[in-house]
């Protein structure tokens, strides 16, 4: 009985030590970035955090960020990235798509037509596509820089009162913000 117990404990210890030296095929990853959005109106700051899984050179996850271009939104996105080549430095392609949730700011009334708040704001599509390069800086950590194209749709409805009119007139505003984005950050895995 002692031999069987000793054998099982040895087998468990050997399996545990062996598992620590074997790379995991699928593992958790966290991608965190800051960047600049540049378009027709202005340049603004953006940041994003994506958490998900990585399998070999493919990463996928759910992201949240801040997008101040035009109207401030919090994008909730699904992100996918594919790295190419082997070595410490390699290129990658990425894409994320989702929905942007509007967040009111202190000076937001200056941006609404006639200074009147909208009667409704629609959560709209947002997406980003691009290419980048990443470099291993330590075991489990990559530094990356990327450039891409970002698209944000934004829509709201506003009721405008007219003098001598028994009803309010409702107007719908639709915006499509197209801009370039430059980002850098780290990926932990």
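Going by the conditions given, is residue 98 without any contact (Cβ under 8 Å) to a residue 60 or more places away in the chain, crowded, with 19+ Cβ neighbours inside 10 Å and either assigned to a strand (DSSP E or B) or more than 15 Å from the chain's Cα centre (by Cα) (or both)? So residue 98 passes the test. Scanning segment 48-77 for residues that are surrounded by 15 or more Cβ atoms within 10 Å (Cβ to Cβ) and either touching a helix residue (DSSP H, G or I) at 6+ places or on another chain (Cβ under 8 Å) or not in a strand (DSSP E or B) (or both) yields 68, 69, 70, 71, 72.
Look through 39, 87 and report the one residue that is surrounded by fewer than 17 Cβ atoms within 10 Å (Cβ to Cβ) and under 19 Å from residue 175 (Cα atoms). Before you say what the answer is, go through the steps one by one.
Values: 87 fails: under 19 Å from residue 175 (Cα atoms).
From the options 39, 87, the qualifying one is 39.
All of 156, 171, 149, 177 fail the test of being touching a strand residue (DSSP E or B) at 6+ places or on another chain (Cβ under 9 Å), modelled with pLDDT of 85 or more and more than 30 Å from residue 32 (Cβ to Cβ), apart from 156. Under the condition of being at pLDDT below 80 and within 26 Å of the chain's Cα centre (by Cα), the residues counted in segment 101-121 number 5. Would it be correct to say that residue 80 is modelled with pLDDT of 95 or more and in a strand (DSSP E or B)? It is true that residue 80 is modelled with pLDDT of 95 or more and in a strand (DSSP E or B). Among the residues of segment 117-146, how many are loosely packed, with under 14 Cβ neighbours inside 10 Å, in contact with a strand residue (DSSP E or B) (Cβ under 9 Å, 6 or more places away or on another chain) and in a strand (DSSP E or B)? Final tally of qualifying residues: 5.
The values are calculated or read from the model by the stated rules, or taken from the named source; none is laboratory data. Quick caveat, the model's predicted, so the values are computed rather than measured. Virtual Cβ from ideal backbone geometry, glycine too; neighbours counted across all protein chains shown.
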